[in-house]
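So the structure is just underneath, and the comments pick up after that.
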Amino acid sequence: MTTPAAVIMDAAAYAQAVEDAVKASAAYYAGGTSSLDDDAYDRLVRGIAAWEAEHPDQVLPDSPTGKVAGGAVEGDVPHTVAMLSLDNVFSPEEFTAWTASLARRVGHEVERFSVEPKLDGLAVAARYAGGRLRQLITRGDGTAGEDVSHAIGTIEGLPDELGEPVTVEVRGEVLMTTAQFEHANEVRTAHGGQPFANPRGAAAGTLRAKERAYTVPMTFFGYGLLPLPGTETALAARLGESAHSNLMAQAAGLGVNTTAATAVPGITADTAEQVLARVQEIAGLRAALPFGIDGVVIKADLAADQQTAGSGSRAPRWAIAYKLPAAEKITRLLEVEWNVGRTGIIAPRAVLEPVQIDGSTITYATLHNPADITRRDLRLGDHVMVYRAGDVIPRVEAPVAHLRTGDEQPIAFPEACPRCGSGIDTREQRWRCENGRNCHLVAALSYAAGRDQLDIEGLGHTRVVQLVDAGLVADLADLFTLTREQLLGLERIGETSTDNLLAALATAKSRPLSRVLCALGVRGTGRSMSRRIARHFATMDAIRAADAETMQQVDGIGTEKAPSIVAEIADLAPLIDKLAAAGVNLTEPGATPSTPAGSGADPAATAEPVGGPLAGMTVVVTGAMTGALEQLSRNQMNEAIECAGGRSSSSVSKKTTLVVAGEGAGSKRAKAETLGIRLATPDEFAVLIADFID
Ligand code: IVH
């Protein structure tokens, strides 16, 4: 579907359109919020181009059609070869027309296309000399960019050293994955900063920031490899002759991250139909990707075809971006709801005038917290930019101030908990009901009973509601003192269900400490962090005795998280006492408590226990498990790995020691192969960890 170009009637409207486009583009490339969403921007530029085609003598020098896009950020490092932008198509028809015009230029049908996702980040050039990363430069205005070498070492996928001591320039996109974006916002807000609006803005801001008190990781995907002045002649010649697909294989071989390691690897296609089929596939996978894409890039694969087609001043003629629907749209903020979560956090949620973003209708979006609403000066009735990409929950970015009419109304903040009427603890940025996790007890208990926590079969949401409504359960510990008579007194529960539930509760009492900790829902800790804490301290008593400094010895807990975890555990003391009194296990099997740091003990003795067949190994599980491992959830697999002394991880990197690849394993297996990481089948792995699975 193509949205029509903006209609421009006269020279004044044309000049205004150019000004609007320049402003929007400058905001976009600086990582700020533009007053145009992507679709509106594309429409405007197409309108500008249409007017210019009719009035070629009146084209303004600033026009976004005539210059390399993204010229807002001035830099001082010249590019050896211009970093070009891409022209866009928006429909199969436009794409087919492009292939036809390309065939005319080249003199024959293009021999082969390469098709890869258009990553939604920022273009950078990474210069390697003798295999070492020496300089990192943004695209800037395409002819010169800003030196951002200070970011070297913070970008995953861009190694400090290549697999061979070559002198080359790797070009590609720096972005934040969804997880990196969420982490960056956590760290940033913990430092009193404003959350980033979206992953692209976060990557832009982070890449250019020089002296921050903290560093947050980003990710690089290479899509170009070219010689530099110092490149050995034979290598320069080889690069110049290589097909794009081959360059990507060479880049991956040197240790650079490429899309090959993702669920949407670059592929080659022989015909336009095959390309269009792949575009559809990528569009279908987009929502589940762990990073944002805004289109698909199609390139003539062969160097000879590229050379014959040539390049314009703004974009090559041998490549095109097939744009997917925008991830950002402008709509109106109708209302703000305040919802209480399972830990008592009171979170604002925006009710929006329904808007279509990438095929879904968005009616709700998250707002961060009250302070953020105030900082952004959001008002009811405002036009707001809404962002949704990948599996990111839709979020409201910012009001579009110049669309204000004056009728907008202030947003009222709750004075009492909207759920139970208790007071609100407003000391932190995220407000919390003073009744804490007891406020939304049903949510807290349903979570605790879940498969990855205490795994209490028969205790679904409806049953939890029944127990709470009947006044039988006022906190997690009450579950473990329920009697047969009490349960039989409830409606719709027979003798068998009662006995089954009592048996499931008895089993739940003996789950490892890591599960209990997770069930408690300590803020800032999920399943894997709960396991790390439990294995580190071995007993709940040791956890309770830990101060912030001791808590920081746990892998992955830094200076920000440690004090809040310690405070949460202290708040939970009465509940933990009650759980202990009810006979719930509060120890971690197989773990021994670490000696506190600073006790003068041998530092090696303060480390976590390192025994087990997977000691020192980082293991990634991918694909479907079969045989003895078939019944294990991913969480259970990770538990088994950690019990066997290993570390579980969800992504393959140079640090990975072993990849367990089951049926249907795709990109992670491919990446392991590229990096030469050991692979195991589920059966082989089952033998290795036989002692650690139930
Ligand atoms: S190729 C000469 N490939 O899209 C060809 N660009 O809108 C130039 N981008 O500046 C780029 N994914 O920042 C290429 N797979 C990909 C890409 C990609 C994202 C970005 C890049 C470029 C912009 C153009």
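The values are calculated or read from the model by the stated rules, or taken from the named source; none is laboratory data. All values reported here derive from a predicted model rather than from experimental measurement. Here the Cβ is made from the backbone with ideal geometry for all residues, glycine too, and neighbour counts use every protein chain on show. All accessible areas refer to the heavy atoms of the entire protein, side chains included, with ligands and DNA or RNA removed. Shrake-Rupley method; radii C 1.70, N 1.55, O 1.52, S 1.80 Å.
Could you look at the chain and say what percent of its accessible area is carbon and sulfur, using a 1.4 Å probe and all protein chains? Walk me through the numbers before you get to the answer.
Values: 15650 of 30620 Å².
Its accessible area is 51 percent carbon and sulfur atoms.
Only sites in a loop by DSSP and with at most 15 other Cβ atoms within 10 Å count here; which GluC sites (Glu not before Pro) in the stretch 188-275 make the cut?
Details: sites: E211, E232, E241, E273; in loops: E211, E232.
Passing both the DSSP loop test and the Cβ count: E211, E232.
Sorting T65, T374, T233 by accessible area (1.4 Å probe), largest first, what list results? Intermediate results must be reported in sequence, preceding the final value.
On the way: T65 45, T374 90, T233 115 Å².
Putting T65, T374, T233 in descending order of accessible area: T233, T374, T65.
Per-residue HN-Hα couplings for the stretch 171-184, Karplus 6.51 cos²θ - 1.76 cosθ + 1.60 at θ = phi - 60°, whole Hz, x for Gly and Pro?
Computed from phi, the couplings for the stretch 171-184 are 10, x, 10, 9, 8, 10, 5, 4, 5, 5, 5, 5, 4, 4 Hz.
Below 14 angstrom from the Cβ of D294, what's the summed charge of the other residues (Lys, Arg +1; Asp, Glu -1)? The partial results should precede the final answer.
Working: positive: K118, R200, R286, K323, K329, R388; negative: D37, D38, D39, D42, E116, D120, E173, E328, D358.
Here the count lands on -3.
Note the per residue figure in Å³ for the convex hull of the C-alpha positions in the chain.
Details: hull volume 128.9 nm³, N = 694.
So the per-residue hull volume is 186 Å³.
Among rounded, prolate and oblate, which fits the stretch 611-694 when a ≥ b ≥ c are the square roots of the eigenvalues of its C-alpha gyration tensor, a/c under 1.5 means rounded, and a/b larger than b/c means prolate? Present the calculation step by step, with values, prior to reporting the outcome.
Details: a/c = 1.84, a/b = 1.22, b/c = 1.51.
The shape class here is oblate.
Give me a comma-separated list of calculated 3J(HN,Hα) values for the stretch 207-223, in order, Karplus coefficients 6.51, -1.76, 1.60 applied at θ = phi - 60°, integers in Hz, x for any Gly or Pro.
Those phi angles translate into 4, 8, 6, 9, 10, 9, 6, 9, 10, 10, x, 10, 10, 10, 10, x, 9 Hz.
Suppose R0 equals 51 Å; then what is the FRET efficiency for T405 and E109 from their Cβ-Cβ distance, rounded to the nearest 0.05?
0.40
Going by amide H atoms built from the backbone, whose H comes under 5 Å of the H on V89, apart from near neighbours?
A321, Y322, K323
At 0.36 nm per residue, minus the direct Cα-Cα distance, what do E335 and A234 gain on full extension? Give it in nm, one decimal, please.
Working: separation 101, 0.36 × 101 = 36.36 nm, distance 6.41 nm.
Extending this stretch completely gives an extra 30.0 nm.
Any chance you could check the Cα centroid distance between the stretch 645-690 and the stretch 402-458 for me, in angstrom?
39
Sum up the charges of everything whose Cβ sits under 12 Å from the Cβ of R342, counting Lys and Arg as +1 and Asp and Glu as -1, but leave R342 out.
Values: positive: R419, R432, R437, R523; negative: none.
The answer is +4.
Rounded, prolate or oblate: pick one for the stretch 152-311, where a ≥ b ≥ c are the square roots of the eigenvalues of its C-alpha gyration tensor, a/c under 1.5 means rounded, and failing that, prolate if a/b is larger than b/c, else oblate. Write out the running numbers ahead of the final one.
Values: a/c = 2.60, a/b = 1.39, b/c = 1.87.
Oblate shape, in that a/c is at least 1.5 and b/c is the bigger or equal ratio.
Once you sort the root eigenvalues of the Cα gyration tensor of the stretch 210-251 as a ≥ b ≥ c, which label holds: rounded (a/c under 1.5), prolate (a/b larger than b/c) or oblate (the other case)?
On the way: a/c = 5.23, a/b = 2.09, b/c = 2.50.
Taking the square roots of the gyration eigenvalues as a ≥ b ≥ c, the stretch 210-251 is oblate.
Over the stretch 455-519, give the accessible area per residue in Å² for a 1.4 Å probe, as an integer. Intermediate values should be presented prior to the final figure.
Numbers: 3030 Å² over 65 residues.
I get 47 Å² per residue for this part.
Go through 197-203, 53-59, 275-281 and give me the packing order, highest mean Cβ count within 10 Å leading.
In descending order of packing, they fall as 197-203, 275-281, 53-59.
If I fit a long axis through the Cα atoms of helix 11-29 and take the longest principal axis of the Cα atoms of the chain, what angle between them do I get, 0 to 90°, rounded to 10?
40
Per residue of the chain, what 222 nm ellipticity follows from adding -39500 (n - 2.57) for every DSSP H run with n ≥ 4, rounded to the nearest 500? Kindly include the intermediate steps, with their values, before the conclusion.
Numbers: 24 runs with 238 residues, N = 694.
Rounded to the nearest 500, it is -10000 deg cm²/dmol.
Give me, ordered by chain and number, the residues 5 or more places off S311 or on other chains with an amide H under 5 Å from its own placed amide H.
R317
For V660, what residues show an amide H to amide H distance below 5 Å, using hydrogens built from the backbone and excluding near sequence neighbours?
V620, V621, T622, A680
If DNA, RNA and ligands are ignored and the probe is 1.4 Å, what is the ranking of R544, R492, R535, R451 by accessible area, most exposed first?
Working: R544 85, R492 175, R535 30, R451 130 Å².
Sorted by accessible area, descending: R492, R451, R544, R535.
Sort out for me the Cα centre separation of the stretch 548-588 from the stretch 142-221, rounded to whole Å.
Comparing the Cα centres of the stretch 548-588 and the stretch 142-221, I get a distance of 33 Å.
Just the accessible area per residue of the stretch 78-117, please: how many Å² with a 1.4 Å probe? Mind dumping the intermediate values first?
Numbers: 1950 Å² over 40 residues.
Using a 1.4 Å probe on heavy atoms only, each residue of the stretch 78-117 averages 49 Å².
At 1.4 Å probe size, put H383, H461, H440 in order of accessible surface, largest to smallest.
H461, H383, H440
Please list 3J(HN,Hα) in residue order for the stretch 508-522, calculated via the Karplus relation 6.51 cos²θ - 1.76 cosθ + 1.60 where θ = phi - 60°; whole Hz, with x for glycine and proline.
Here the 3J(HN,Hα) series is 4, 4, 9, 5, x, 3, 4, 5, 5, 4, 5, 4, 5, x, 5 Hz.
Only sites in a loop by DSSP and with at most 16 other Cβ atoms within 10 Å count here; which chymotrypsin sites (Phe, Trp or Tyr not before Pro) in the stretch 320-399 make the cut? Display every interim value, and only then the final one.
Numbers: sites: Y322, W338, Y364, Y387; in loops: none.
Here no loop site has a sparse enough neighbourhood.
If you stretched the chain out fully between A573 and A474, how much longer would it get, using 0.36 nm times the residue separation minus the C-alpha to C-alpha distance?
On the way: separation 99, 0.36 × 99 = 35.64 nm, distance 1.56 nm.
The span from A573 to A474 would gain 34.1 nm if fully extended.
At a probe radius of 1.4 Å, what is the per-residue accessible area of C420, in Å² to the nearest 10?
For C420, the solvent-accessible surface is approximately 60 Å².
Measure nothing but the geometry: give the 0 to 90° angle between the long axis through the Cα atoms of 634-643 and the longest principal axis through the Cα atoms of the chain, rounded to 10°.
So the inclination is approximately 70 degrees.
Leaving out ligands, DNA and RNA but keeping every protein chain, what accessible area does S446 have, in Å² rounded to the nearest 10, with a 1.4 Å probe?
30
Ignoring ligands, DNA and RNA, what accessible area per residue does the stretch 221-319 give at 1.4 Å, in Å²? Provide the component values of the computation, followed by the final result.
Numbers: 3870 Å² over 99 residues.
That works out to 39 Å² for each residue.
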